[in-house]
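Below: the structure, in structure tokens.
The values are calculated or read from the model by the stated rules, or taken from the named source; none is laboratory data. A quick note: this is a predicted structure, and the numbers were derived from the prediction, not measured. For neighbour counting, all protein chains shown are included, and Cβ atoms are generated from backbone atoms with ideal geometry for every residue, glycine included. For the accessible areas, the whole protein counts, side chains as well, though only heavy atoms, and no ligand, DNA or RNA atoms are used. Shrake-Rupley method; radii C 1.70, N 1.55, O 1.52, S 1.80 Å.
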Amino acid sequence: MKYMLLIYNNPATYQGWSEAERDELFGEVDVIMKELTASGELVGGEALADASSTKTVRVRDGVPETTDGPYAEAKEQLAGYLMVDCASPERAAEIAARWPDARYFAMEVRPVIETAPPEA
């Protein structure tokens, strides 16, 4: 089954770290990515652009409203995601627990509902 691992962090925290601390964190990420690639569990993933370029869209009473930014009060923001295909939710949680952001912020594990491809 596929699982989306949502990566949350606080950019202000990273800004307070030294270059060596950031390099260490990204080194851990590289190790995990290589392992998931080798095991065939990595489906994909991407980092997201800075939250300052985010737009939030809500439709109320049929009227769309677009505002700048993600949830204004949140210090932790969705920073990226991994898509993994693994045998169990426990394995997906194990992968998420190894991701460095889980130590400092949060990782969310969500099953992906697989749908049939559209008919041609």
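List of remarks:
- Of the residues 44, 80, 27, 40, the single one that is under 21 Å from residue 110 (Cβ atoms) and either basic (Lys, Arg) or out of contact with any Asp or Glu (no Cβ under 9 Å at 6 or more places or on another chain) (or both) is 44.
- Near pairs, Cβ below 7 angstrom, 6+ apart or cross-chain, from the range 104-120 (closer than 30 Å to residue 10 by Cβ) to any residue that is in a loop (DSSP other than H, G, I, E, B) and open to solvent by 100 Å² or more (accessible area, probe 1.4 Å): 111/1
- All conditions in (1) of a type in the set (Lys, Arg); (2) under 18 Å from the mean Cα position of the chain (by Cα); (3) surrounded by fewer than 11 Cβ atoms within 10 Å (Cβ to Cβ) hold for residue 58, with the sole exception of (2).
- Within the range 4-11, none of the residues are farther than 19 Å from residue 78 by Cα and either open to solvent by 70 Å² or more (accessible area, probe 1.4 Å) or within 16 Å of the chain's Cα centre (by Cα) (or both).
- Residue in the range 51-66 that is part of a loop (DSSP other than H, G, I, E, B), within 30 Å of residue 115 (Cβ to Cβ) and at pLDDT below 85 present: yes
- From the list 107, 83, the lone residue that is of a type outside the set (S, T, N, Q), surrounded by fewer than 17 Cβ atoms within 10 Å (Cβ to Cβ) and either in contact with a strand residue (DSSP E or B) (Cβ under 8 Å, 6 or more places away or on another chain) or at pLDDT below 80 (or both) is 83.
- Single condition residue 49 does not satisfy, out of (1) open to solvent by 80 Å² or more (accessible area, probe 1.4 Å); (2) of a type outside the set (D, E, K, R); (3) over 16 Å from residue 102 (Cβ atoms): (1)
- The number of residues in the range 82-120 being in a helix (DSSP H, G or I) and among the hydroxyl-bearing types (Ser, Thr, Tyr) comes to 1.
- Entry remark, the range 1-21: residues being among the charged types (D, E, K, R) and part of a helix (DSSP H, G or I) number 2 in total.
- Per the listing 28, 24, 35, the residue uniquely more than 22 Å from residue 9 (Cα to Cα), open to solvent by 50 Å² or more (accessible area, probe 1.4 Å), of a type in the set (Asp, Glu) and not in a strand (DSSP E or B) is 35.
- Which numbered condition residue 70 misses (of (1) at pLDDT 85 or above; (2) open to solvent by less than 90 Å² (accessible area, probe 1.4 Å)): (1)
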